[in-house]
Amino acid sequence: MTDEPLEAPPVHTPAPPKGFFGRLKHFVLHPELSPEQIAWSFALGLSVAFNPLVGLHTVMVLAFCFLFRRLHMPLMFLGAFINNPWTMVPIATVEVFIGNLLRGHGLHHGLGNIPWRAISWRNFISWTGMQELAEMLRPVLHSYLLGGFILCVLALPIGYWITLVTVRRMRASHFLHPHR
């Protein structure tokens with residue numbers, strides 16, 4: 001009998017998931033967070049996605065990450081980046097329609113009255129350019145802001161409950177059939 005220490009058996013760590021959906025499933029099945037924390041993470045991000053204050057989405061998510069440290073940052077960003085360059089125009093159009101309906105303007109959106117070709121990157125780099133942009137967008141600006149804030153508020157509970165149900169079902173399925 002020797003006094004040499006025994007070697008610990010090698011620990012098998014699973015390979016990280018591959019592909020977007022594999023990583024998303026890994027985030028959803030995150031064992032350290034409750035389904036409620038995961039649902040709040042995505043719902044806050046989704047709410048930020050519908051916020052009409054363009055250009056502040058990343059700052060808002062970072063502020064939420066700082067304020068609510070027990071939430072899942074990648075899922076918050078995933079929710080927020082539903083609003084991206086490819087989806088920005090459809091989301092903004094829906095926000096204008098909702099704002100017009102709430103303001104009593106019906107389905108007339110007024111988007112045809114905007115000089116779209118006059119808007120350029122120069123409008124976004126100076127205060128004068130932003131003022132010119134606001135003047136050009138004046139026909140739809142109030143409706144856009146109202147519709148955007150309404151969708152922002154509605155996205156929070158809807159995103160929370162849909163994500164919560166999805167996470168609970170995924171976890172139940174995963175723990176019943178772990179090799180899926």
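The values are calculated or read from the model by the stated rules, or taken from the named source; none is laboratory data. Every value quoted in this text rests on a predicted model; they were computed, and no experiment measured them. Glycine gets a Cβ as well: all are built from the backbone with ideal geometry, and neighbour counts include every protein chain shown.
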Q) Given the conditions (1) more than 19 Å from Val165 (Cβ to Cβ); (2) in contact with a helix residue (DSSP H, G or I) (Cβ under 8 Å, 6 or more places away or on another chain); (3) charged (D, E, K, R), which single one is not true for Glu36? A) (1)
Q: For Leu146, indicate whether it is touching a Lys or Arg at 6+ places or on another chain (Cβ under 7 Å) and either within 21 Å of Gly55 (Cα to Cα) or outside any helix (DSSP H, G or I) (or both).
A: yes
Q.
For the stretch 64-113, which positions are crowded, with 17+ Cβ neighbours inside 10 Å and of a type in the set (Gly, Ala, Ser)?
A. Gly79, Ala80, Ala92, Gly99
Q: For the stretch 121-158, enumerate the residues that are of a type in the set (Ser, Thr, Tyr) and either within 25 Å of the chain's Cα centre (by Cα) or under 21 Å from His57 (Cα atoms) (or both).
A: Ser126, Ser143, Tyr144
(Q) Just the residues that are surrounded by 11 or more Cβ atoms within 10 Å (Cβ to Cβ) and farther than 17 Å from Pro90 by Cβ, please, taken from the stretch 114-130. (A) Ile119, Arg122, Asn123, Phe124, Gly129, Met130
**Q.** Search result, residues across the stretch 36-57 that are assigned to a helix (DSSP H, G or I) and at pLDDT below 90
**A.** His57
